[in-house]
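Below is one structure, written out as structure tokens, with a few remarks after it.
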Amino acid sequence: MRIGQGYDVHAFGEGDHLMLGGVRVPHSQGVVAHSDGDVVLHALCDALLGALALGDIGVHFPPSDMRWKDADSRMLLRHCRGLVAERGWRVGNCDITVVCERPKVGPHAPAMRAHVAADLGIDIDAVSVKATTSERLGFTGRGEGIAAMAVALLERA
């Protein structure tokens, strides 16, 4: 088995929604990002890449490369799944935590779990998505941005 962890953060900016776990979540702001800014999927990609000891998402999808401008992060996740499979592993499970005061993540978590499960080719009961606030502390607490943490377990295929 191998375990990887991931973390991602984006500042809020102009817009009317966030992409979280492949789900369009209405919000009073968007995020400042090169791709679609999906912190959930970016953290999960980093967890998968970390478990494989392949660097981070910036190594594979550098913001300096215009191919990834406004990219759908579900495509990035599917690419990482391919790297996992090529090396003889499969995802056993993953656990993701979103950190923000707003928007409320709970109502969207089932759809996020479904997207992640589909993109990783695993059962939905192997995908956990939850959220917490930072009790109004730090940049997330002040409503300046959003963060996500993820851990993934890989098993030999």
For S73, what is the net charge nearby, where nearby means another residue's Cβ is under 13 Å from its Cβ and Lys, Arg count +1, Asp, Glu -1?
-> -2
What does the charge count near C45 come to, summing +1 for each Lys or Arg and -1 for each Asp or Glu among other residues with Cβ under 13 Å from its Cβ?
-> -4
Rounded to the nearest 10 degrees, the helix 39-51 long axis (Cα) sits at an angle to the longest Cα principal axis of the chain of 30
Residue-count net charge about N93 - beta-carbon cut-off 11 Å; Lys, Arg +1, Asp, Glu -1 | -3
If one builds a Gaussian network model of the chain from Cα atoms under 10 Å apart, the most fluctuating residue listed among D95, D119, D70 is D70
Say we join alpha carbon atoms closer than 10 Å with springs in a Gaussian network model of the chain; which of A71, A51, A43 then has the biggest fluctuation?
-> A71
Please get the size of the charge dipole for the chain, origin at its Cα centre, with Cβ charges of +1 on Lys and Arg and -1 on Asp and Glu, quoted in debye to the nearest 20.
-> 260
Evaluate the relative contact order of the chain (contact order divided by residue number), counting alpha-carbon pairs under 8 angstrom at least 6 apart; express in whole percent.
-> 33
Between S128 and residues 5 or more places away or on another chain, which pairs have amide H atoms under 5 Å apart, with H built 1.01 Å from N, and which residues are they?
-> C94, D95, I96
Rg/Rh (Cα only; Kirkwood hydrodynamic radius) as it applies to the stretch 42-157 = 0.98
Of M112, M19, M66, which is the most mobile in a GNM of the chain whose springs link Cα atoms less than 10 angstrom apart?
-> M66
What trypsin sites (Lys or Arg not before Pro) does the stretch 34-117 have in DSSP loop regions with at most 15 other beta carbons within 10 Å?
-> K69, R87, K104
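Read-outs: derived from the displayed coordinates by stated rules, not from any lab. Predicted model only: the values in this text are computed from it and were never measured. Every residue, glycine among them, receives a Cβ derived from its backbone with ideal geometry; neighbour counts consider all protein chains shown.
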